[in-house]
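Just below is one structure, and these are the notes that go with it.
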């Protein structure tokens with residue numbers, strides 16, 4: 001991961017400091033040069049004041065990260081080609097992704113023909129490495145749950161989705177899933193399903 005090389009203004013102005021981050025990660029948000037991931041200068045600016053907050057260089061694989069940003073503020077992320085061959089690429093009005101798991105939206109849909117749980121539940125917040133556990137009730141036997149990254153861009157090009165895999169046995173089920181972020185923050189999601 002790229003290292004922040006300029007943080008003077010970020011530490012001097014606390015209202016844009018906070019418990020969030022902006023990261024360029026795969027599959028979306030990588031710095032690319034002529035369509036391929038590459039190392040370039042990346043700067044983050046506070047949107048409202050236009051003040052530069054920090055500058056870094058993306059890694060050779062196009063990834064970068066800025067930590068300690070307020071998730072309630074908007075920022076512009078600017079990637080620059082130091083060789084001067086390409087124009088700057090700008091992501092405007094980016095909100096940092098919070099370190100804590102904040103909320104979820106969506107639900108699973110029972111596919112009674114295939115005995116699967118279709119769809120996904122969007123998880124907002126938390127750094128990479130979520131865990132999922134059943135904390136009450138009984139989940140459908142044969143179904144496993146995990147959190148994956150990808151999908152439409154949300155908060156610094158990071159979208160986290162709770163998905164279900166596998167085939168369920170017939171029966172009615174009621175259970176609660178707990179999604180826990182690496183920092184220990186968590187949310188509980190109540191689920192029900194009936195398979196015939």
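The values are calculated or read from the model by the stated rules, or taken from the named source; none is laboratory data. It should be emphasised that the depicted structure is a prediction, and the values quoted were computed from it without experimental measurement. With ideal geometry, Cβ positions are generated from the backbone for all residues, glycine too; neighbour counts draw on all protein chains shown.
Quick notes on this one:
- Checking 133, 128, 141, 103 one by one, the residue that is modelled with pLDDT of 95 or more and surrounded by fewer than 15 Cβ atoms within 10 Å (Cβ to Cβ) is 133 and no other.
- Members of region 29-41 that are without any contact (Cβ under 8 Å) to a residue 60 or more places away in the chain and closer than 21 Å to residue 128 by Cα: 30, 31, 37
- Region 168-187: number of residues that are closer than 18 Å to residue 119 by Cα and part of a strand (DSSP E or B): 7
- Positions within region 144-160 being farther than 21 Å from residue 112 by Cα and either buried (at least 19 other Cβ atoms within 10 Å of the Cβ) or modelled with pLDDT of 95 or more (or both), in sequence order: 147, 155, 156, 157, 158, 159, 160
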